[in-house]
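Any read-out appearing in this document is the output of simple, stated calculations on the displayed coordinates, not a laboratory observation. What you are looking at is a predicted structure, and each value in this text was computed from that prediction instead of being measured. Counting neighbours? That spans all protein chains shown, and the Cβs are built from the backbone with ideal geometry, glycine included.
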Amino acid sequence: MAADMCGLSGVATRWMIAGEWRAHPARVILAALAIAVGVALGFAVHLINASALNEFSRAVRTVNGDADFQVHARTPLGFEEALYPKLARTPGIAAASPVVELPASIDGKVPLTLLGIDPFRAGLVTPNLMGRPVAAETTQTAAPPSATDNALGETSIFLSQAALLALNKKPGDEIQVSAAGQTLAFTIAGTLPGVAEGQRLAVVDIATAQWRLNRLGRLQRVDLKFVEGADEPRVRNALAALLPRDAEIVNETTQERRTDALSRAYRVNLDMVALMALLTGGFLAFSAQALSVARRRSQFALLRVLGVQRRALLFQVLVEGAVVGGIGAALGLGAGLFLAQGALSFLGGDLGGGYFSGTRPQLIFAPGAALSFFGLGLLAALIGSVLPARQAAQAQPAIALKDAGDAADPRRAPGWRIALALLLAGAVCAFLPAIGGLPLFGYISVAFLLAGGVGAMPLLARVLLTPLQHVTFGVSGHLASKHLWGAPSQAAIALCGIVASTSLMIAMAVMVWSFRNSVDSWLVQILPADIYLRVEGDDYNAFAPDVQQRMATVPGLQSIHFRKVTPLRLSPDQPPITLLAEDIDPANPSALLPLIGSSRPIPDGAIPVWLSEPATWLYPYRAGDYMDLPLSGASGSTRVFVAGIWRDYGRQQGTVAMASPDYVRLTGDRLRSDAAISLKPGADSASLPDAMRAVMPPSLAGRVSFVPSRDLRKLSLQIFDRSFAVTYLLEAIAILVGLAGVAATFSAQTLARTKEFGMLRHIGVLKRQIVGMLAAEGALLGSVGVVAGIGLGIAISQVLIHVINPQSFHWTMETRLPFVLFATVAVALVAASAGTALIAGRRALSGDAIRAVREDW
Amino acid sequence: MRALKWALALILLATIGHAADTPVLPNYAEVRPGVTLSFPRDHGAHPEFRTEWWYITGWLDTEDGRSVGFQVTFFRTRTSTDQRNDSAFAPKQILFAHAALSDPQTGHLLHDQRIAREGFGLAQASMADMDVTLNDWTLKRDANGRMTTHAGGKDFALDLGFTPTQPVMLEGEEGYSRKGPLPAQASHYYSLPHLLVSGTVTRNGRKAAVKGTAWLDREWSSAYLAPGAVGWDWAGFNFDDGGALMAFRIRDAQGQALWAGGSYRDAKGALTHLAPGDVAFAPVRRWHSPRTGTDYPVEQNLSVRLGPATKEWRIAPLFDDQELDSRAGGGPVYWEGAARVHGGRGYLELTGYFKPLKM
C-alpha cells in the first residue's frame, strides 16, 4: 500500500477516478479532446514547419554545392571577376571555384537555376556540382575527362535528374536554354549525380555562360574551400578586407539564418496560434475539472470526515487532471502527425503561405518536439486542475457535506483586482518592442488579456445580469437570471471556455478581415495599368532591350512600362530585399507607388529611392535619410536618397523602388523582368497577347502570361486567402472546441442540479417551466459569453493588428470589423448554449421528482 | 616524348557546333624543319602550338644513402575553344601537371596532379623564359639558367633546384623531331640531360635534403601521332661518364614499332641522331599489375646502332610497381619509373598497355 491512513490508497484513487469517469464519460472525453486538439495543432504546425524548412535549405544547399563557404554577390548582377584571383590567393584558401549563377528556362517551360562553373575548380570545392558525361569509354583518355570537349564544350549542358524528368529528355538530346534574355541551343552532355533528388539544376562551362549570356567580366559567387586546419575566422577576416561593396561572405550559418528569417515570423505565428488552441484546451480542461469537483463536493467532504488529508484530495484531483491531459496529449500527437502529413501533401510545406514554392517536403518526425508538446498538453490539463483541486481540498467538510451548490456567498461582489491587474499587464506588454524580430511580448499580451478577460467573467456576469433582476420574463426567465446572478462562479466556469475560444477566434477574424480589406484597396492602387505581363520562373532578365523596343511598337498600346524586379542582399542576416526599377516619375511617385505620407523634395543631384514599409522595419533607414546600395556600375557613387515610404503587402522582406533611368545609370543593366500595358481606348485586348508574342523570341513567348489587372487582383486575393487557409482552419476548430465546451459545461451543470429540479417540481414548477428556465439560462450565459468574447476579441485583434503583425511581417493595416461574422457567431453561440442547456435539462428531468429530492440524504 | 602528350589532342577536338553560327577555331602553328631554336625564348611557352610540356625526371640520393626516383611535368594545351569567346575564363589554354615520387621502400608511386585553365595569374606559362605557374605548383628558370620547382600535395612535396652541367641537346634534326611517317607528325624537341639536383623532399611533414641528377625534356607540336598507334616506350639515361641517351618507339595494336628514334651524346659531346632503324626495344621481363591487371615490360633490352657498332643496354627498373593510375583525376594509366642501365641512371615510360591511348 502506497498511502497511509491519512492518504488514499492507490486502489482507492483508481477506483474513485474510474467511478467518476464511468458516471460521466462525456465530460472526461471532452476535456481530453480539448487538450488533444491543442497538442495536435501545435505539433502538426511544428512538424510541417520543420519539414518545410529542411526542404528549403536542401534546395539552397543544392545550388550552393558543398563548399565550405562562399563569397556571394549582393545582386544578381554579380561582382567584378578580378576579385576571384585575389580570393584564390588568400592564405588559408585551398581552392576557389568561380560561379556564374542565373535563372533560366529550358525549352520555354521548365524554370531552373543555371550555373556556369569551371570544372577544374569546382571539382575541388563543390564536387556535387560536377557533371558526369554520358559517353562510352572504350579507350582511355590521357587527360581528365573534365578537360575533354564534353565538359568544356560550348554547347554542352549537364542537367540534374529532376530537370531531365521535368523535360522528359535524356542525355544526347538538344534543348533550348533561355537566360539573361538570350536563347541558346545546348546538347545534354550528361547528368549531375551529386545533386539531391528533386532539385532542378543545370550546369554549363563558366566561359560559355559569361560569353553567350552576356555576363562577361562578372561573377555571382566564388565557392571556397579552407586549407585543412586553417584558422577559419582569420581567413574570413582576411577575405572580408578584400571584398568590394557588391559582394559578401556567406556560409552555411548565414545561409540558414537567411532561410530561417525568410519565414520565421510566419512559422512562429502559426506556432503561437496553435499554442493558443492549447490554451483554450487548458481552459476547457479547467471547466471540466471544476465542474467535476463541484459535483463531488459532498463526496470529498465525506472522505475528509473519514480522515483523508487535504493533500491527498489535492493529489487525487491532480492525478485525474494528469490522466486526462496525458491521454489527450497522446491522442494529440498521433492526430498531429496525421494532420501534418495531410497538410504537407495538400497545402505544401508553407501551408499555402507562399514561402517555399515548388517543393513537396518529406515529413520529418521530431522526437524532441513530440515530447515538449506532450508536456505542454499535460501542463495545460494540470494547471486547469490546480484551482479545482485546491477548492476541493479547502472546502469545510461540514458545510460541503450538506450543500452541493455554489459555495460562494451571492451577496459578496466578485473579485476584480486580479483580473484588472492581468488586463493592465496585457496592455503594457502590447507596447513593448519585438525580441529578435519576433513579437513575443505581443503574444504574452494576448495571453494576459485572455486570462484577465476570463478572470473578469464573474464580475462581468454580475454586472450584465444585475439589470435583469428587476425585469420579469415570467417564471422561467426570472428563475434563470436569479440563478445565474446568485451563482457567479459557476457561471464564470461555464463562461471561461466559451470566452477564451470566442475571443481568440474573433481576434483572428478581425485581423484577417482588416488585412484582406487593406490588401484589396492596396491592389487597386498598385495595379493601375490594364494588362500585366509576367514571366514564369522568376526570370528577372526576361526582356532584352531589343525585345522591349519591338513590344512597344505593337498597335493598340497607350503605353508599356517595363520593370526590373531583382533581389538585393543588403545585410548578411536578412533575406534579400527586392530592388524594383520602374518608370517612376520623381516629381509624382504616387502615380505608381501607394505612398504613406508624402514624398520629400529631392536634393539636387541625389538619386531618389522609395522604401516599402517592411524595409523601414528591417533596416535603419527613414524618409530623408541617405543610404548606400550595394551596386557597382558605371558611375562610382551608389548613395541614394530615401524620398518616401510606400505600402507594399507583396514583399515582406522589403522593397527599394527607384526610377528606371537611375537604375540603368547605376548598373548598366537594361534587361527587364515584367511589364505593364495600358491600352488605347477601344483597343482590342483579346488580340493583344498574340500580337505581343509575335514580336518576342519563341522561347520567351511561351513563358509570358498576360493577366488583366482585374484577374491579377482576384488572383492576389486568392493567394491571400490560401495563405490564410490554415488560419481559417484553426479558427473553425476554435469555434468547434468552444461550442463543444459550451455543451459539456451545460450538460454537466444541469446534471449536477437534479436535486434543485426535484425541489422546484415539488413546489409546483412545471417541467416545461424548468426546461424554459434552463434554456433561458443558456441563452443568457451565451449572450454574456458573446458580449465578453467579442469585446475581448476586438481588444486582442488590436494587439494582432498593431503589435504582432507589424513586428513579424512589417506591415500595417486599418482595422475593419466583420459585423456579419459577429452576428453569426453571436447567434450560433446563444443558440448552441440554449440548445445544449435544453437538451441537458430534458435528460435531467426524465427521472421522477421524488427520487431526485431523495438524493438529498 | 611523354605520356600525356598525344592524348592532349583530345581536348583539341573541334566541338560540333549546334548553334547556327560556326565556331571560329584556332589556327595551330605547324612544326617545320629548319627552325632554329633560340634561348631563353624557347624555354618559354609556345601557345600557338597545340601541345607542349616541361618534363623533368630523375634520381635523388637521400642523406641516408638511399635512391628514389621523381617526376615533375607541366603540360600546356591549346584547345579548340571558339576564338570569339571573350570571357577571361575561355579555356583557350589549359595547363596541367603531374608529380610522382618513386621510393622502393614505399613500394608504389606517390603522385599528385593539378589542372586549370590559363588565366587570372593563377595558371600561366611565360613566353619569354621558363616560368610556369599552376595554382600552387611552379617551375621557373633564373637568369643564371638554374631552374626551381615546387610540386606536390598531401602525400609528398618536392622543392627542387636544377643546375645545368651540359649544353642543350637538340633532338632530331636540330630540334625537329619526327614522330611518324609523315613530315608533319613531328615536334620541336630539346633536352637538358645531367641536371644537378639539390633541394628537399617533404613526406609526413618532414623535410629531407636530397641531391641527384635529372633530365629535362621540352617538346611542342601541333600534329603528332600516326594513325594506328596505341602507345609508346620511351627511355632517357644519364651515363656516369657524362654521356646521354634518349630513345623511343611508337607501337601499334600488335606491339610492333610504327616509328622509332632517339639520340646519343657521348662524354665528349659528339651527338648521334638515331633513325627509326637504329633503335630496337626487346622486352625481357613483364610485371603484372595486381590493381589494373596490366602487364608492363618493365625490363627490356635496348639496342642502339651507333655508326658501325650496335650498343645494347639492359634496362632494369628501380622497383617493379611504378604504375601511375591517374584515373581518379580523369587521367590515364601508365608506367613511369626510375630505371638503371649499365653505367647509367634514368627513366623508362610505358604507355598504352592498359588500354589504347585515345587520340
For this session: Sticking with the crude label model, points 7 Å out along Cα→Cβ, report the distance from A:V134 to A:A238 in nm, one decimal please.
Result: 4.4
For this session: Compare B:R78, B:R286, B:R50 in a GNM of chain B, Cα atoms joined below 10 Å, and give the one with the largest fluctuation.
Result: B:R286
For this session: Within the set of other residues whose C-beta is less than 11 Å from the C-beta of A:P614, count the net charge using Lys and Arg as +1 and Asp and Glu as -1.
Result: 0
Seminar exercise, completed: As straight-line cross-link partners of B:K154, the qualifying aspartates and glutamates (C-alpha separation under 12 Å, not fewer than 8 residues apart within one chain) are A:E228, B:D112
Seminar exercise, completed: Hydrodynamic calc, segment A:537-702: Kirkwood Rh from Cα pairs, then Stokes-Einstein at 25 °C with viscosity 0.890 mPa s, so D in µm² s⁻¹ is 144
Seminar exercise, completed: Expressed to two decimals, the protein assembly as shown has a Cα Rg over Rh, using the Kirkwood radius, of 1.15
For this session: Between A:K109 and B:Q256, take the C-beta separation as r, use R0 = 51 Å, and let me know the FRET efficiency to the nearest 0.05.
Result: 0.35
Exercise. Which pairs break 27 Å Cα to Cα here: B:K179/B:K311; B:K268/B:K311; A:K482/A:K767; A:K86/B:K92; A:K564/B:K92; B:K211/B:K355?
Worked result: A:K564/B:K92; B:K211/B:K355
For this session: Could you tell me what percent of the DSSP beta bridges with both partners in segment A:537-702 are antiparallel, to the nearest 5?
Result: 65
Seminar exercise, completed: Given a Förster distance of 45 Å, the FRET efficiency implied by the Cβ-Cβ spacing of A:M759 and A:V820, rounded to the nearest 0.05, works out to 0.55
Problem set entry | FRET E, pair A:R843, A:S571, Förster distance 60 Å, beta-carbon r, rounded to 0.05 | 0.40
Problem set entry | Label zone at B:R206, where the point sits 7 Å out along the Cα-to-Cβ direction: segment B:37-63 residues whose backbone N lies under 12 Å | B:63
Exercise. Want the number for A:H478 to A:T90: 0.36 nm per residue separation, take away the alpha-carbon distance, what's left?
Worked result: 130.8 nm
Problem set entry | Relative contact order [Cα under 8 Å, 6+ residues apart], chain B, whole percent | 15
Exercise. What distance in nm separates the simple spin-label points at A:D625 and A:F431, each placed 7 Å from Cα in the Cβ direction?
Worked result: 2.5
For this session: Determine ³J(HN,Hα), in whole Hz, for all residues of segment B:271-283 in sequence, where each value follows from phi through the Karplus function 6.51 cos²θ - 1.76 cosθ + 1.60 and θ = phi - 60°; x replaces Gly and Pro.
Result: 9, 10, 7, 9, 7, x, x, 8, 10, 9, 9, 10, x
Seminar exercise, completed: From fewest to most C-beta neighbours within 10 Å, the residues B:Y55, B:Y190 line up as B:Y190, B:Y55
Seminar exercise, completed: The answer for the net charge of residues other than B:G199 whose Cβ lies under 10 angstrom from its Cβ, with Lys and Arg +1 and Asp and Glu -1, is +1
Problem set entry | Net charge over other residues, Cβ less than 10 angstrom from the Cβ of A:F79 (K, R count +1; D, E count -1) | 0
Seminar exercise, completed: Stretched fully, the stretch from A:A421 through A:L766 gains (0.36 nm per residue minus C-alpha distance, one decimal, in nm) 119.7 nm
For this session: Note down the relative contact order for segment A:537-702 as a percent, whole number, built from C-alpha pairs under 8 angstrom at least six residues apart.
Result: 35
Exercise. Expressed in nm to one decimal, what extension gain is obtained for the pair A:R310 and A:A18 from 0.36 nm per residue of sequence separation less their Cα-Cα distance?
Worked result: 103.1 nm
